[in-house]
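Encoded as structure tokens, the structure appears first; notes follow it.
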There are 2 protein chains.
Amino acid sequence: MRFSKLFLPTFKETPKDVVLKSHEYLVRGGFIQQIGSGIYNFLPLGKRVLDKVRQIVKEEMDNAGANEVALGFVTPSFLWQKSGRFERYGKELLRFKDRKDNDFVLGPTHEEVITELVKANIKSYKQLPIHLYQINLKFRDEIRPRFGLMRAREFIMKDGYSFHSSTEDLKREFDLMEATYSRIFTRLGLDFRAVFADSGAIGGNGSKEFMVLAKSGEDTICVCDSCQYGANLEAATRIKKLPNTEAPVASFAKFHTPKVQTIESLSEFFKVEPFWTLKAVVKKALFDGGKNALVYFFLRGSDSLNETKALNAIVGANELVEASEEDLKSAGLVQGFIGPFALRNLTSSPYIYFDKELENASNLICGANEVDYHFVGVDLSTFEGLEFKDLVEVKEGDFCPVCKKGKLYFTKGIEAGHIFQLGTKYSSAMEATFLDEEGKAKPFIMGCYGIGISRLLSAIIEQHHDERGMIWTRASAPFCVHLIVSNIKEQSQMQMGIKLYENLQSKGIECLLDDRAERYGAKIADFELIGLPFGIVVGKGLEKGEIELIRRKDLAKESLGIQDFDALISKIFEVCQCDSF
Amino acid sequence: MRFSKLFLPTFKETPKDVVLKSHEYLVRGGFIQQIGSGIYNFLPLGKRVLDKVRQIVKEEMDNAGANEVALGFVTPSFLWQKSGRFERYGKELLRFKDRKDNDFVLGPTHEEVITELVKANIKSYKQLPIHLYQINLKFRDEIRPRFGLMRAREFIMKDGYSFHSSTEDLKREFDLMEATYSRIFTRLGLDFRAVFADSGAIGGNGSKEFMVLAKSGEDTICVCDSCQYGANLEAATRIKKLPNTEAPVASFAKFHTPKVQTIESLSEFFKVEPFWTLKAVVKKALFDGGKNALVYFFLRGSDSLNETKALNAIVGANELVEASEEDLKSAGLVQGFIGPFALRNLTSSPYIYFDKELENASNLICGANEVDYHFVGVDLSTFEGLEFKDLVEVKEGDFCPVCKKGKLYFTKGIEAGHIFQLGTKYSSAMEATFLDEEGKAKPFIMGCYGIGISRLLSAIIEQHHDERGMIWTRASAPFCVHLIVSNIKEQSQMQMGIKLYENLQSKGIECLLDDRAERYGAKIADFELIGLPFGIVVGKGLEKGEIELIRRKDLAKESLGIQDFDALISKIFEVCQCDSF
């Protein structure tokens, strides 16, 4: 493509209200332009990158046996009413009426449409499994669209949905998708982690997020320094923590502990590390219909409660809020002295949970539910019917639950993909069933799998840029080579530019030939901003029989002789094929 | 692709409320399924055809130098207010509000978005011309969506917009697009005509529609039996009609013609063919703001008035309605005796038009604006200031205006593409200007070019089907070969099926391998319904060393020997490459 024939408006000025480099560079580089809050036009270069990403995703999805479809974007509301999400989804679901006063939504996701489609067409277990996907428009009416393509309202997503007759088969597909997504992100040249994600809120059993590692990422993820393990904080686990000191062995006894109301002071009072103390966290859980209840979490004094894990522990709760002093008082409790003893008698709450690392823990020190008193020598194995759940917030330095030897550390990531084991959440709600081998109707067991196609443009740049502009990876770049003719009025330069252009194009190397009547400096600035993997400058060096090859990644330059033209083309071809990233 | 792995639900029953075969077959063949009135899911086969069509359109548009973009679908209303179409477009424009109460529309077309985009980025004539196009979703809230993809509400369109500094350059691009569209429709294997269209209503000077010829087409078009000329009825022209008889030469005189109120009786009364009589048609034109006026059209008695041509003749009129007897009476006129004499004196209407074939006509007979009287020997060249316009409805048998020797006839067509010379309609309204060579700001001169991508699926089938199902053209077919293993339990059949499948696929022939545990009859019925260009049956003939090749177009069958397998593959490859259509 010749630059002079391309609609590619570049800008020197940083647009206002821009936080992320990807947003700045995509706009300045003429890849996208906003037409409304969170709604963008993709200009020719942006469209080319979209197509590259889309093609890679399509190839890998097709190879994995999924079938591509294109589902209706404008969706009748009754489908969303069937699933119950019409009311629940909130204001991100854009609702409107057509000319005949029928209710519609703009599809923010397509579980409802696909479930209805499969329900209407698949009757028997013999027709399963099936995996349908699309790469299509979505709309979510975000309250605060921002960061360019990172959090847009109108965006392009790959959304796939699989249907199975057993959870084992769903698990097989889930694993296949994890491998497929890994291939996709690897082909795109991205440094990423597939992390365990909390799937409590959306339902289903298993869920993984594909995180593109980048300093600017909104999500903190916990990764292992020695294996591929990664998880969101709310899903992160660790191998059971061990104490640094011997257990403070003691017989069960009540101690007077005046004003000892914190783990720190308790630990000091008894001269034990916080590991041996029992921390109580009391929250108020809010349920549908205005109901609420006090809920109790116990964990080691050395640990912190992860709020999401805590919320997931309370079935049916929508939110956990702080319990007020008033709340505690009316439950007969005093902050600082709360312990598991007699708790069931003191309150009517059925919501008492212990962190699972406390299973069979002994030699603990805990509150006595009495002002200024604690118990020592507490042995949890003597209690009956305790419920244990994973409640702790993993810390940097904890040990990896997978390889057991690596240490966990935190880093930032951008969510670019998400795979879920949905189970029967939608099929049950929408009465979508198949006949099993015994002729019995059963709800489909479903998985769903998303990739933020347009968001990936931002993610790629967040991971690959410098202070001069974008640095596209080879697979995502709109063109491979940026061929700059320094001065188009110099006939020899222009001729060599065209000769290189035609020869490289014929070898399948996509080139952008900068044949504009612009200064050399402006052209180089655009090369650096637009960020194609390789630049070739046909300039003054031509008099000495040389052209210059620039690698955008590190701006390393190399002079190449033009005497043996075939060798020159081969050399450039080789460089373009290299797997630098 | 293996049929057993494909989501391809086929049906024997014709869906209710289906009029067109394309609608019936696309649904029965599992290409599309409706999710709401005029909104469809594209299932895997439908998506494949869409992609084939899209790819051909993209290649030809790119070759013509147009740049592909993807414009925002959800469009802020203020852009439509700028162009004035927010009010004018009517209810097909779906309007809604987002969560912050801002006004949006779902883009039914993108002149506003593109004009705003180009206005913001193109400043100088040096950056012109530019042609931007997209292949993207559209929504038009049709009052009566019907005929499947033919008149859907949500649909896929290729819409391109070009920007020029001169009308000559626009004309050049318009011609380039006519050639490009012709290549696209030819590659798709369609019998089509590029017809002149009336562009009065949408503004602009020149406009052509690409009509796919099909008996079921909604539009009547007028085509030449000897050249490529074609036009909509309202745009059709002919070479000037000549009389069959000598002129009834007579001196100007008034005749008493009692009760002679029709062309037929007038022609009989004077024993002349209707060609020599002057027909008057009086209408009432309605203008904005409730204004109306009587308008007069004169043409030869042998011709009929084309209503669209008549409407276009009256600048500013929105509609022409019948003039009542009352209207005529108050203008002092009597039906049956209306003529051009003294008309200006009788009424104050400035709207008097003569068909252009009447220019300098003489020896005419016309009404005398007096009950029971006509004039003979009327010579229009003696009038001053007459206005001549093309007003006649072309008839079958009239002579072609282009080749002059062919005869015109009427046929039916489906509009699949439309190219317009818009001029400055949108750029003026939206104040989108560039600086010309003298540094003066001028509105962009625009063209726009559409192809109904999803509608083409219907159009292809309307032109190519039989009573058993669809017949895809080679370029549009979702696969090239339908490979039927008659009985998958016969190991030899299945082995041969897979061997053929693998060999053909490796040669680039896309195959659908029907490996389902279904009866042979059901498989053949699906082959005929789905309509891939070629079928191969691996069945009982295999015992005699034979397979069967079926050409879907005419269901012609041929036995092929498998002894020389390489020769067999070559033979099939050759057949698949043939240009049957």
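The values are calculated or read from the model by the stated rules, or taken from the named source; none is laboratory data. The shown structure was predicted, so the numbers you read here are calculated from the model rather than taken from an experiment. Neighbour counts are summed over all protein chains in view; Cβ atoms, including those assigned to glycine, are modelled from backbone coordinates with ideal geometry. Just the protein is used for accessible areas: all its heavy atoms, side chains included, with ligands, DNA and RNA removed. Shrake-Rupley method; radii C 1.70, N 1.55, O 1.52, S 1.80 Å.
Points worth noting:
- Qualifying position, being assigned by TED's automatic domain parsing to the domain that holds B:Ile453 and on the phi > 0 side of the Ramachandran plot, among B:Gly38, B:Gly46, B:Gly29: B:Gly38
- Restricting A:Leu188, A:Leu213, A:Leu176 to residues that are among the hydrophobic types (A, V, I, L, M, F, W, C) and within 21 Å of A:His110 (Cβ to Cβ) narrows the list to A:Leu176.
- Against the list (1) within 11 Å of another protein chain (Cβ to nearest Cβ); (2) over 26 Å from the mean Cα position of the chain (by Cα); (3) farther than 27 Å from A:Glu59 by Cα, the condition B:Thr10 fails is (3).
- Considering (1) within 13 Å of another protein chain (Cβ to nearest Cβ); (2) over 21 Å from A:Ile419 (Cα atoms); (3) among the hydrophobic types (A, V, I, L, M, F, W, C), the lone condition that A:Val18 does not fulfil carries the number (1).
- For the range A:9-44, a residue qualifies if it is open to solvent by 10 Å² or more (accessible area, probe 1.4 Å), free of Cβ contacts under 8 Å to residues at least 60 places away in the same chain and aliphatic (A, V, I, L, M), and exactly one does: A:Ile35.
- Positions within the range A:153-172 being open to solvent by 10 Å² or more (accessible area, probe 1.4 Å) and either without any contact (Cβ under 8 Å) to a residue 60 or more places away in the chain or more than 10 Å from chain B (Cβ to nearest Cβ) (or both), in sequence order: A:Phe155, A:Met157, A:Ser165, A:Ser166, A:Thr167, A:Glu168, A:Asp169, A:Lys171, A:Arg172
- Selection from the range B:385-418 of residues that are open to solvent by 40 Å² or more (accessible area, probe 1.4 Å) and touching a helix residue (DSSP H, G or I) at 6+ places or on another chain (Cβ under 6 Å): B:Phe388, B:Lys389, B:Asp390
- Residue that is farthest from A:Thr75 (Cα to Cα) [pool: residues in the range B:45-55 that are touching a residue at least 24 places away in the same chain (Cβ under 8 Å) and open to solvent by 10 Å² or more (accessible area, probe 1.4 Å)]: B:Lys52
- Residue check, B:Ile365 modelled with pLDDT of 95 or more and under 30 Å from B:Ala323 (Cα atoms): yes
- The residue that is most open to solvent (accessible area, probe 1.4 Å), counting only those in the range A:502-514 that are assigned to a helix (DSSP H, G or I) and in contact (Cβ under 8 Å) with a residue 24 or more places away in the chain, is A:Asn503.
- For B:Leu137, the conditions (1) facing chain A (nearest Cβ under 10 Å); (2) in a loop (DSSP other than H, G, I, E, B) are fulfilled apart from (2).
- Test: B:Lys309 is open to solvent by 80 Å² or more (accessible area, probe 1.4 Å) and either farther than 30 Å from B:Gly397 by Cβ or not hydrophobic (A, V, I, L, M, F, W, C) (or both): no
- Sole exception among (1) over 29 Å from B:His164 (Cβ atoms); (2) buried (at least 18 other Cβ atoms within 10 Å of the Cβ) for B:Leu71, by number: (1)
- For the range B:73-92, filtering for residues that are within 11 Å of chain A (Cβ to nearest Cβ), among the hydroxyl-bearing types (Ser, Thr, Tyr) and touching a residue at least 60 places away in the same chain (Cβ under 8 Å) leaves 0.
- Boolean, A:Val376 is among the hydrophobic types (A, V, I, L, M, F, W, C), under 22 Å from A:Glu264 (Cα atoms) and either open to solvent by less than 20 Å² (accessible area, probe 1.4 Å) or not assigned by TED's automatic domain parsing to the domain that holds A:Cys222 (or both): yes
- Given (1) within 8 Å of another protein chain (Cβ to nearest Cβ); (2) of a type in the set (A, V, I, L, M, F, W, C); (3) under 22 Å from the mean Cα position of the chain (by Cα), number of the condition A:Ala70 does not satisfy: (3)
- Among the candidates A:Phe196, A:Phe192, A:Phe174, residue that is more than 30 Å from B:Arg95 (Cα to Cα) and touching a helix residue (DSSP H, G or I) at 6+ places or on another chain (Cβ under 6 Å): A:Phe192
- Criterion violated by B:Glu116 - all others in (1) touching a residue at least 24 places away in the same chain (Cβ under 8 Å); (2) away from chain A (no Cβ under 11 Å); (3) open to solvent by 30 Å² or more (accessible area, probe 1.4 Å) satisfied: (2)
- Residue in the range B:385-407 that is β-branched (Val, Ile, Thr) and within 15 Å of B:Glu357 (Cβ to Cβ) present: yes
- All positions within the range B:542-571 that are part of a helix (DSSP H, G or I) and open to solvent by less than 30 Å² (accessible area, probe 1.4 Å): B:Leu542, B:Phe565, B:Leu568, B:Ile569
- Within the range B:419-455, considering residues that are touching a residue at least 40 places away in the same chain (Cβ under 8 Å) and surrounded by fewer than 19 Cβ atoms within 10 Å (Cβ to Cβ), the one farthest from B:Tyr161 (Cα to Cα): B:Glu437
- All positions within the range A:434-460 that are of a type outside the set (Lys, Arg) and under 30 Å from A:Val18 (Cα atoms): A:Gly450, A:Ile451, A:Gly452, A:Ile453, A:Ser454, A:Leu456, A:Leu457, A:Ser458, A:Ala459, A:Ile460
- Residue that is farthest from B:Gln563 (Cα to Cα) [pool: residues in the range B:525-541 that are aliphatic (A, V, I, L, M) and surrounded by fewer than 21 Cβ atoms within 10 Å (Cβ to Cβ)]: B:Leu529
- Candidate set: the range A:245-274, residues that are touching a residue at least 60 places away in the same chain (Cβ under 8 Å) and among the aliphatic types (A, V, I, L, M); chosen: the one surrounded by the most Cβ atoms within 10 Å (Cβ to Cβ): A:Leu266
- Filter pass, A:Phe7 being touching a strand residue (DSSP E or B) at 6+ places or on another chain (Cβ under 9 Å) and not in a helix (DSSP H, G or I): yes
- A count restricted to the range B:275-293 and to residues that are more than 16 Å from B:Leu391 (Cβ to Cβ) and open to solvent by less than 50 Å² (accessible area, probe 1.4 Å) stands at 4.
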